[in-house]
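Colleague: Quick one: the structure is below, and I'll ask about it shortly.
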Amino acid sequence: DAKTTQPPSMDCAEGRAANLPCNHSTISGNEYVYWYRQIHSQGPQYIIHGLKNNETNEMASLIITEDRKSSTLILPHATLRDTAVYYCIVRVVGTNAGKSTFGDGTTLTVKP
Amino acid sequence: GAVVSQHPSWVICKSGTSVKIECRSLDFQATTMFWYRQFPKQSLMLMATSNEGSKATYEQGVEKDKFLINHASLTLSTLTVTSAHPEDSSFYICSAGGYEQYFGPGTRLTVT
């Protein structure tokens, strides 16, 4: 699976949008971009995934660049409960689907 | 979303003993499950792929005789840490699902 790079930490004011970037310059055509978050001492929580189109769900929006080499996760109105480590992963869909290589992630701190 | 459970949520065992961790998919069937290990302040590291009805596939550097995996049904995979040592103390997490991998809540193992 392709390697991803993320900034180690970010701060965001409560109520503002949090924009978390991810670089995946070696992504292959059959790899999706996934985002998870992990709150301390819990298992990762699925947020969103996409292939090449922008995606939105009740939790977040995912913006993928046209060349697919980077993406941005957007939490539109961050709350204190969004403080967590956010992981960007690229993963092949198909045989052995689900095998994930985690990078170091971004620690997002939402401040009052 | 789909639910993956783990049992126990935490366990303390003495050095030299074995401990079994269960991973269950509660509302879907999973022919493949994945086991991860996470040390404090580190990211998740994939240990092995659990395959229903066949042998598990271990990542490089993971001792298959120490970390026994059994995937006897489509909803249950077990990880047994044999002859546990203090350095095996970690947070063990499983995942299952298709496009959207769902992670269990994790099991905190402490070996004394």
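Colleague: Being surrounded by fewer than 17 Cβ atoms within 10 Å (Cβ to Cβ), within 11 Å of the chain's Cα centre (by Cα) and free of Cβ contacts under 8 Å to residues at least 60 places away in the same chain is the requirement here; does residue A:19 meet it? Walk me through how you get there before you give the answer.
Modeller: Working: surrounded by fewer than 17 Cβ atoms within 10 Å (Cβ to Cβ): yes; within 11 Å of the chain's Cα centre (by Cα): yes; free of Cβ contacts under 8 Å to residues at least 60 places away in the same chain: yes.
So residue A:19 fits the description; yes.
Colleague: Do we have residue B:5 as within 27 Å of residue A:85 (Cα to Cα), surrounded by fewer than 19 Cβ atoms within 10 Å (Cβ to Cβ), touching a Ser or Thr at 6+ places or on another chain (Cβ under 9 Å) and at pLDDT 95 or above here?
Modeller: yes
Colleague: Would you kindly identify the strands (runs of 3 or more DSSP E) lying entirely within the range A:28-86 that contain at least 1 residues that are within 14 Å of another protein chain (Cβ to nearest Cβ), open to solvent by less than 30 Å² (accessible area, probe 1.4 Å) and at negative phi? Lay out the reasoning, then the answer.
Modeller: Details: elements: A:31-38, A:45-50, A:61-64, A:70-75.
Because the criterion is at least 1 residues that are within 14 Å of another protein chain (Cβ to nearest Cβ), open to solvent by less than 30 Å² (accessible area, probe 1.4 Å) and at negative phi, the strands (runs of 3 or more DSSP E) in the range A:28-86 that meet it are A:31-38, A:45-50, A:61-64.
Colleague: Looking at the structure I just gave you, is residue B:97 over 12 Å from the mean Cα position of the chain (by Cα) and open to solvent by less than 30 Å² (accessible area, probe 1.4 Å)?
Modeller: Judged against the criteria, residue B:97 is a match.
Colleague: Please tell me if residue B:67 is within 9 Å of chain A (Cβ to nearest Cβ) and open to solvent by less than 30 Å² (accessible area, probe 1.4 Å).
Modeller: Here the answer is no, as residue B:67 does not meet what is asked.
Colleague: Is the range B:22-41 home to any residue that is assigned to a strand (DSSP E or B) and more than 12 Å from chain A (Cβ to nearest Cβ)?
Modeller: The first filter runs over the range B:22-41 and keeps only residues assigned to a strand (DSSP E or B), leaving B:22-25, B:32-38.
After this cut, where a residue has to be more than 12 Å from chain A (Cβ to nearest Cβ) as well, the list is B:22, B:24.
For the range B:22-41, residues assigned to a strand (DSSP E or B) and more than 12 Å from chain A (Cβ to nearest Cβ): present.
The values are calculated or read from the model by the stated rules, or taken from the named source; none is laboratory data. Because the structure is predicted, anything quoted here is derived from the model rather than measured. Heads up, the Cβs are rebuilt from the backbone with ideal geometry, glycines too, and the neighbour counts pull from every protein chain shown. Note: areas computed on protein heavy atoms with side chains; ligands, DNA, RNA excluded. Shrake-Rupley method; radii C 1.70, N 1.55, O 1.52, S 1.80 Å.
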